[in-house]
Amino acid sequence: VSLSSKQLKSLTQLIPDGEVQSAPHQLVAYSYDNSRLQAMPDTVVIPHNREEIIQLVKWCGVNKIPLISRGHGTGTTGATVPVNGGVVLSMEKMNRILEISPQNRFMVVEPGVTNQQVQDAAAEHGFFWPPDPTSAAVCTIGGNLACNASGPRGVKYGSPRENVLGLEAVNGRGEPFKTGCYTTKGVVGYDLTRLLIGSEGTLAVITQATLKLQPLPQTRQTLRVLYNSIQSAAKAVSRIMAQPVIPYSLEFMDDKAIQMISDYSQLNLPDTARALLLIEVDGTYSTIADSVEAIIDSAQTEGCIDVFRANSTEEIEQLWKTRKSLSPALRKVAPKKINEDIVVPVSEIPLFLQKVAEIEVQHGVTIVNFGHAGNGNLHVNLLVDPDDSTQMKAAHLALAAIFKLTLELRGTLSGEHGIGRVKREYVSQEIDAVAMRMMHDIKHVLDPYHILNPGKSLPDDTTG
Ligand SMILES: Cc1cc2nc3c(=O)[nH]c(=O)nc-3n(C[C@H](O)[C@H](O)[C@H](O)COP(=O)(O)OP(=O)(O)OC[C@H]3O[C@@H](n4cnc5c(N)ncnc54)[C@H](O)[C@@H]3O)c2cc1C
């Protein structure tokens, strides 16, 4: 796609209050995300309101121009990269919090507000919004919803799909519509809210969201539990999830992850530590002690060598710093690592990790595993150098084996990062042909001109 000067002029006239940017130095800022992919858009439009978006989508439909919605471009899968050129629609100026209703436990926001701004505003009323990607300070709610992004709290409180009451959006015809309702119960019509969440900007542009709020817990306790083997830690995760107290977060790190952060921070762990669980428990002052005891009881499986309870804010922060320093530490060692975020049922984590260790040896690729174990969501990091073709060949074989294993164990290929551009070729291994056909039909109904984020999420429809 390349826009003619006539088209550009008509676009500028169409959106008088918006910003239309076409200078190369402006375009480059919108040409990449947190993946290694990059492609230049033809133009960038920064709207201020829904009406401008409606006009823009209609214009793109008439002119058959791709339209790529964009939050802050922190996604890891190339989902915002304009691989076919076209218009990038940046939500950066639609960033207002429109309403907070503590008694109804919801908050109405525009899509360009950051996750952190939502957390801060909710906290003033004693609430929080559960999805908590590590990128909270810099990612937008629109991006969170479009990827169904979450983080450690997902184990207890769920992902955006469980934490959004309704949406306002514009479909590929440029028609505005509402989904869901303002109440926590509602069963009128099909659930278009959950359909749009996770659709990576391929079905509609989200222009407003009603977020479901949760009360901030009265208190929390943070634990670090060490194991002398990966298998012991993995089995402990199953035991923890099989008892009634749901942890606020339940994070896992394998031996290589521990080694990696030990190189960057003062961990002072015993040499025998081969795996680590970082566990948080929330509750009221009167219940927390019992809940923590129940969790410790199930965490102390064979192979558990240490349980450390953080007693001060500094100790809690230090433990989380350890967990959050992992991604940057890995990036230092392997700047272009392949980071997957598969999910398997919690009871299959021991077998999954055992088989991944075999795949690692078989293909000669270093693999570091950590992640949101309470959900079975593991970040599997293949430390490779993309400039080394032999290594990349081995990595792709290892990756294919990991995805096959994931599906054999009744898992799913992505827990929170989504498919974007990078994982499309694997999607049909998980989704059967009939479901895929229905998904393509749905795409066609919402986006008949196929302008919304083409080339992302689903593989192309080759059935004609
Ligand atoms: C340091 C770091 C840590 C991270 N940690 C996590 C983590 O813990 N958990 C996690 O899940 N992710 C994580 N991520 C990935 C990323 O931050 C999330 O996917 C986030 O939700 C993306 O938000 P964004 O505003 O940057 O969206 P973008 O990257 O701009 O867009 C992502 C997708 O959303 C679509 N989109 C954006 N806005 C709209 C809209 N209004 N309507 C329709 N579609 C839209 C885009 O088209 C694209 O498909 C991390 C990233 C970084 C850099």
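The values are calculated or read from the model by the stated rules, or taken from the named source; none is laboratory data. Predicted model only: the values in this text are computed from it and were never measured. As a convention, Cβ positions derive from the backbone with ideal geometry for all residues, glycine included, and neighbour counts pool all protein chains shown.
Listed values, structure above:
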read-out: Every residue from segment 246-268 that is without any contact (Cβ under 8 Å) to a residue 60 or more places away in the chain and surrounded by fewer than 19 Cβ atoms within 10 Å (Cβ to Cβ); value: Asp255, Gln259, Ser262, Gln266, Leu267, Asn268
read-out: Filter result (within 12 Å of the ligand (Cβ to nearest atom), assigned to a loop (DSSP other than H, G, I, E, B) and in contact (Cβ under 8 Å) with a residue 60 or more places away in the chain) within segment 104-121; value: Glu110, Pro111
read-out: Residue check, Asn381 touching a helix residue (DSSP H, G or I) at 6+ places or on another chain (Cβ under 6 Å) and farther than 26 Å from Val88 by Cβ; value: yes
read-out: The lone exception for Ala29 - which of (1) in contact (Cβ under 8 Å) with a residue 40 or more places away in the chain; (2) within 13 Å of the ligand (Cβ to nearest atom) it fails; value: (1)
read-out: Sole exception among (1) modelled with pLDDT of 95 or more; (2) out of contact with any strand residue (DSSP E or B) (no Cβ under 7 Å at 6 or more places or on another chain); (3) away from the ligand (no atom under 12 Å from the Cβ) for Gln38, by number; value: (2)
read-out: Tally of residues being away from the ligand (no atom under 12 Å from the Cβ), farther than 20 Å from His379 by Cα and outside any helix (DSSP H, G or I) across segment 140-165; value: 3
read-out: Residue match in segment 46-66 (condition: polar (S, T, N, Q), surrounded by fewer than 22 Cβ atoms within 10 Å (Cβ to Cβ) and in contact with a helix residue (DSSP H, G or I) (Cβ under 7 Å, 6 or more places away or on another chain)); value: yes
read-out: Residue check for Asp271: among the acidic types (Asp, Glu) and either buried (at least 18 other Cβ atoms within 10 Å of the Cβ) or closer than 18 Å to Asn377 by Cβ (or both); value: no
read-out: Subset of segment 122-136 (residues that are out of contact with any Pro (no Cβ under 6 Å at 6 or more places or on another chain), assigned to a loop (DSSP other than H, G, I, E, B) and within 16 Å of the ligand (Cβ to nearest atom)); value: Trp129, Pro130, Asp132, Pro133, Thr134, Ser135, Ala136
read-out: Segments classed as helices (runs of 4 or more DSSP H), wholly inside segment 358-455, with at least 3 members that are in contact with a Pro (Cβ under 7 Å, 6 or more places away or on another chain); value: 424-430
read-out: Qualifying residues in segment 69-103 (those that are within 12 Å of the ligand (Cβ to nearest atom) and hydroxyl-bearing (Ser, Thr, Tyr)) - the one surrounded by the most Cβ atoms within 10 Å (Cβ to Cβ); value: Thr80
read-out: Yes/no for Arg173 being closer than 21 Å to Arg105 by Cα and either buried (at least 24 other Cβ atoms within 10 Å of the Cβ) or within 16 Å of the ligand (Cβ to nearest atom) (or both); value: no
read-out: Within segment 143-165, considering residues that are surrounded by 21 or more Cβ atoms within 10 Å (Cβ to Cβ) and among the small types (Gly, Ala, Ser), the one nearest to the chain's Cα centre (by Cα); value: Ala149
read-out: Residue list for segment 76-103, restricted to those being assigned to a loop (DSSP other than H, G, I, E, B) and within 16 Å of Val205 (Cβ to Cβ); value: Ala79, Thr80, Pro82, Gly86, Met91, Glu92, Lys93, Met94, Asn95
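Table: residues versus (1) touching a Lys or Arg at 6+ places or on another chain (Cβ under 6 Å); (2) of a type in the set (Lys, Arg).
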| site | (1), (2) |
| --- | --- |
| Ala236 | no, no |
| Pro247 | no, no |
| Arg274 | no, yes |
| Asp282 | yes, no |
